[in-house]
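**Student:** Can you keep this structure in mind? I'll have questions shortly.
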Amino acid sequence: MEPSLRIVPSSTPKAASVQDTSNSLGLHDTLRYGPRSLATEAQSSCTIKDRLENWEITQDNLKLTQLRNVYGLAAPVRLLMERKMVGYNPHMPALKTSNVHLDVLMGRDETIECADFMMPANELQQPLDIHQEMEKKLHM
């Protein structure tokens, strides 16, 4: 978590350019930064799309920074620990569960989104092979 009082996400692009990944000779350093992808360099990134993708992260960072400024470092650390504990779900992955406690900690308990009441038909079906789902979750 980078402490910042930014209200909207920054408009800086995510991808690194060749100038950022060049070595002393001015060439792309493949060993440090991986193979160069011309597709990402040619693709123009839409700044509004990047901002919308990072909106919730930026708002959460702002709330945690304000908590830190008002109550000290212990408040955001405690909140992040509670989120981590509540986010761990040891139940079967095949059955859909809702995590109301995590929604309360994230501040999403008073919002209604389309996904809350408009479920696709494939999510309503029960899985056919529960053993396969458990193996996938436990990386077996």
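The values are calculated or read from the model by the stated rules, or taken from the named source; none is laboratory data. What you are looking at is a predicted structure, and each value in this text was computed from that prediction instead of being measured.
**Student:** Considering only segment 19-33, state which residues are hydroxyl-bearing (Ser, Thr, Tyr) and not in a loop (DSSP other than H, G, I, E, B).
**Tutor:** Those that are hydroxyl-bearing (Ser, Thr, Tyr) and not in a loop (DSSP other than H, G, I, E, B): 22, 30, 33.
**Student:** Within the bounds of segment 69-85, is there any residue that is modelled with pLDDT of 90 or more, closer than 30 Å to residue 2 by Cα and among the polar types (S, T, N, Q)?
**Tutor:** yes
**Student:** Here is a follow-up. Restricted to segment 1-48, and to residues that are among the charged types (D, E, K, R) and closer than 29 Å to residue 68 by Cα, which residue is modelled with the highest pLDDT?
**Tutor:** Top of the filtered list is 6.
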